[in-house]
1. Using +1 on the beta carbon of Lys and Arg, -1 on that of Asp and Glu, and nothing else charged, what's the dipole of the chain about the Cα centre, debye to 20?
2. Run the simple label-point estimate for Q86 and N45 please: 7 Å along Cα→C-beta, distance reported in nm.
3. Below 10 angstrom from the Cβ of V296, what's the summed charge of the other residues (Lys, Arg +1; Asp, Glu -1)?
4. Starting from the eigenvalues of the Cα gyration tensor, five times each then square-rooted, give me the equivalent ellipsoid semi-axes of the chain, largest first, whole Å.
5. Non-local amide H neighbours of T151 (under 5 Å, H modeled in plane, Pro and chain starts lacking H): which ones?
6. Applying 1/(1 + (r/R0)^6) with R0 = 25 Å to the Cβ-Cβ distance of D304 and D239, what FRET efficiency is obtained, to the nearest 0.05?
7. Can you tell me the mean projection area, over all orientations, of the convex hull of segment 195-319's alpha carbons? Units nm², please.
8. Run the numbers for K317 and K36: contour at 0.36 nm per residue of separation, minus the present Cα-Cα distance, in nm.
Amino acid sequence: MEKRNIYMIAEIRKGLITQETYELLSFAGVIGKRGKTVFLLLGNNIEGQAREISQKSGCDTIVLFGRYLEHYNPLSYSHAIEEILQQEAAAWVCLPHTSMGYDLAPRLAVMLKAACITGVESACDGSLSRPIHSGRFIEEIVPKTPRVVVTVLPGAFHPCEETSGPAGSVTMKRAAFSDVSSLTLGISEPVQRDSALRDAEVIVSAGRGIGKKGNISLIKRLAAIFPGSAIGASRSACDLGWFERRQQIGTTGQTVSPRLYIACGISGAFQHLSGMRGAQTIVAINRDPRAPIFQVAHYGIVEDLETFIPLLIGEWKEKKYF
């Protein structure tokens, strides 16, 4: 396999390095056994975050800083990154498959004349795999270009463990690109964000497959038997107005990692799977035995939830598990 250095684009959210950033290092460990591994961190006044990521990972970190990099902007970020990577004849460029990652990746690929492979969930011997057609098929891709831009699905790889070895070096570089038209003035966060989802040990989540809004009561009854539970939803269920946006789980919603995730009437599109695949145990309830959700579920129930959930609750109460 051709030697390629690996550059991981770190993501900062609310001043903190995201979990998805540390997952990139686990991905790099699979694809990059022959090249060096480096984090790229963009922003302004972020020396503290740079030293944190270098200490935890043991990797060298290059900080690209400037006032116009304080907030994410695809134009300013891509030009700043190009300044570093245009000298690399061959390289992996890795980003989380978040709103920033899948927005920035195609632009970088064009600028670097690189292959662009998005939504990757696994890798082996230079071959990358990703779900396609709403998760019904897995596509394997072997990149042939010297430079490759990849986005990695959140939760597909476990975050790296903090190293006990020496910290990596931190190099500060002021980015030369300074087009004021690219300046982002600020980031507007959602008015509501359900922190209960991130903290819950059990999440009962519903999709369009629950059939009707009236069946939300079944979801609530099921969640109620678990202490410290929360209710989530797929994007399609939120689009129907059955659930609030703050309950949405997936690429455009929240990423969760509970001990138990119960998916009710959720088909299993990769956009949703990317937000919950970090769950320790996944139970899927769906009438369609071919639903992609069963490919990731540890336990699957092929049954109408209007029939199964009342039976489950009744059995639970009779046996008095709690």
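Just so it is clear, none of the values below were taken in a lab; they were calculated from the coordinates. The shown structure was predicted, so the numbers you read here are calculated from the model rather than taken from an experiment. All Cβ positions, glycine included, derive from the backbone under ideal geometry; neighbour counts span all protein chains shown.
1. For this selection, approximately 280 debye.
2. Roughly 3.0 nm, to one decimal.
3. Details: positive: R277; negative: E121.
Around V296, the surrounding residues sum to 0.
4. Its equivalent ellipsoid spans semi-axes of 39, 21, 18 Å.
5. L95, I117, T118, G119, V120
6. With R0 = 25 Å, the Cβ-Cβ based efficiency is 0.65.
7. 6.7 nm²
8. Once the chain is fully extended between K317 and K36, it gains 95.6 nm.
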